[in-house]
1. May I ask you to verify whether Gly147 is open to solvent by less than 50 Å² (accessible area, probe 1.4 Å), under 15 Å from Thr208 (Cβ atoms) and either assigned to a helix (DSSP H, G or I) or free of Cβ contacts under 8 Å to residues at least 24 places away in the same chain (or both)?
2. Go through Ser219, Ser239 for me and flag whichever is open to solvent by less than 20 Å² (accessible area, probe 1.4 Å) and assigned to a helix (DSSP H, G or I).
3. Any residue at all in segment 112-128 that's modelled with pLDDT under 90, out of contact with any strand residue (DSSP E or B) (no Cβ under 7 Å at 6 or more places or on another chain) and open to solvent by 40 Å² or more (accessible area, probe 1.4 Å)?
4. What are the residues in segment 152-178 that are in a helix (DSSP H, G or I), open to solvent by 40 Å² or more (accessible area, probe 1.4 Å) and either within 20 Å of Pro92 (Cα to Cα) or among the β-branched types (Val, Ile, Thr) (or both), if any?
5. Residues to consider are Phe49, Phe77, Phe96; find the one that is at negative phi, aromatic (Phe, Trp, Tyr) and under 17 Å from the mean Cα position of the chain (by Cα).
6. Out of all the residues in segment 38-91, which are out of contact with any Pro (no Cβ under 6 Å at 6 or more places or on another chain), part of a helix (DSSP H, G or I) and among the small types (Gly, Ala, Ser)?
7. Within the group Leu32, Leu100, which residue is in contact (Cβ under 8 Å) with a residue 60 or more places away in the chain and either open to solvent by less than 10 Å² (accessible area, probe 1.4 Å) or more than 30 Å from Leu217 (Cα to Cα) (or both)?
8. Anything in segment 103-133 that is of a type outside the set (A, V, I, L, M, F, W, C), touching a residue at least 24 places away in the same chain (Cβ under 8 Å) and more than 25 Å from Ser279 (Cα to Cα)? List them, or say none.
Amino acid sequence: MRNLGMNISSTSSITLMGFPEMERLEHWLAALLLLLYAISILGNALILFIIKEEQSLHQPMYYFLSFLSVNDLGVSFSTLPTVLASMCFHAPEISFDACLAQMFFIHFFSWTESGILLAMSFDRYVAICNPLRYSSVLTNARVAHMGLSIIVRSFCMIFPVPFLLRRLPFCKANVLTHSYCLHPDLIRLPCGDTTINSMYGLFVVVSTFGMDSVLILLSYILILHSVLAIASQEERLKSLNTCVSHICAVLIFYVPMLSVSMVPRFGKHAPKYVHKFMSLIYLFVPPMLNPIIYSIKTKEIRRRLHKMIWGPKL
């Protein structure tokens, strides 16, 4: 009987389920996910290349965008190995330590993205509300310090989670719902008391996503107040237009994240694949859409892309 309380890391592996209820559409789903990966990786790599090569983009707004692109690449590469293994090569098993490592990186990049979006909202606030102080407030050194602070915060928040899971006895079926390892999914496996894990998880969500979203909302309230004070309607629209890309990035990150947290609570009778699709949207859509949005809305990036595809004008 004592074997039932042994740690899972010393006894067995974990099985990632994926979409067994959609077996007939498995090939199409795998093809769709591979397409999303390709768009995400290519799009974010292009954004990084253009920002590096285009001197006019060497300013704080685009430094934050490059941070976002690096982070989105991290999200994609964190889920790619197990999604490919389980859906394309029918190898759904993963060791416990590898599962913990994947969980660490997925949540690390998610919390880092929240911090980057907050930093970008601060950039827009300074650019619109205090334009004369923009270059003195957002220096290269300060941007680098902000990026480092975001990384350190995310690391410190996620670092205890794998250790809190390892201390628990695992004696249930070692099967996860998704094709990758997420903390809400892993926390269902232990047969011990998970109160500390749940409380710490709630604390992290409130202190990161909750606080960041409130501060982003506050920054846009201040931006809107400043914009409405501008006499010229044309200047108002011009100022607001510089925020459109960031607003879209915030919405495509926070709306799916809220949906993922709300569906299990208020959609308990929904089919399991609905929960899985919401998780896929949360992890796959932002890294794919962010480079598309910024490519469409940023004139300098559009111009560089046109030059790369069609060549310089004669």
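The values are calculated or read from the model by the stated rules, or taken from the named source; none is laboratory data. Source: prediction; values computed, not measured. Here the Cβ is made from the backbone with ideal geometry for all residues, glycine too, and neighbour counts use every protein chain on show. Ligands, DNA and RNA are excluded from the accessible area calculation, which covers all protein heavy atoms including side chains. Shrake-Rupley method; radii C 1.70, N 1.55, O 1.52, S 1.80 Å.
1. When the stated conditions are applied, Gly147 does not pass them.
2. From the options Ser219, Ser239, the qualifying one is Ser219.
3. no
4. Result: Val152, single match.
5. Just a single option satisfies the conditions, and that option is Phe77.
6. Answer for segment 38-91, where residues must be out of contact with any Pro (no Cβ under 6 Å at 6 or more places or on another chain), part of a helix (DSSP H, G or I) and among the small types (Gly, Ala, Ser): Ala38, Ala45, Ser56, Ser66, Ser69, Gly74, Ser78, Ala85.
7. Being in contact (Cβ under 8 Å) with a residue 60 or more places away in the chain and either open to solvent by less than 10 Å² (accessible area, probe 1.4 Å) or more than 30 Å from Leu217 (Cα to Cα) (or both) holds for just one of Leu32, Leu100, which is Leu100.
8. Within segment 103-133, Ser121, Asp123, Arg124, Tyr125 meet the criteria.
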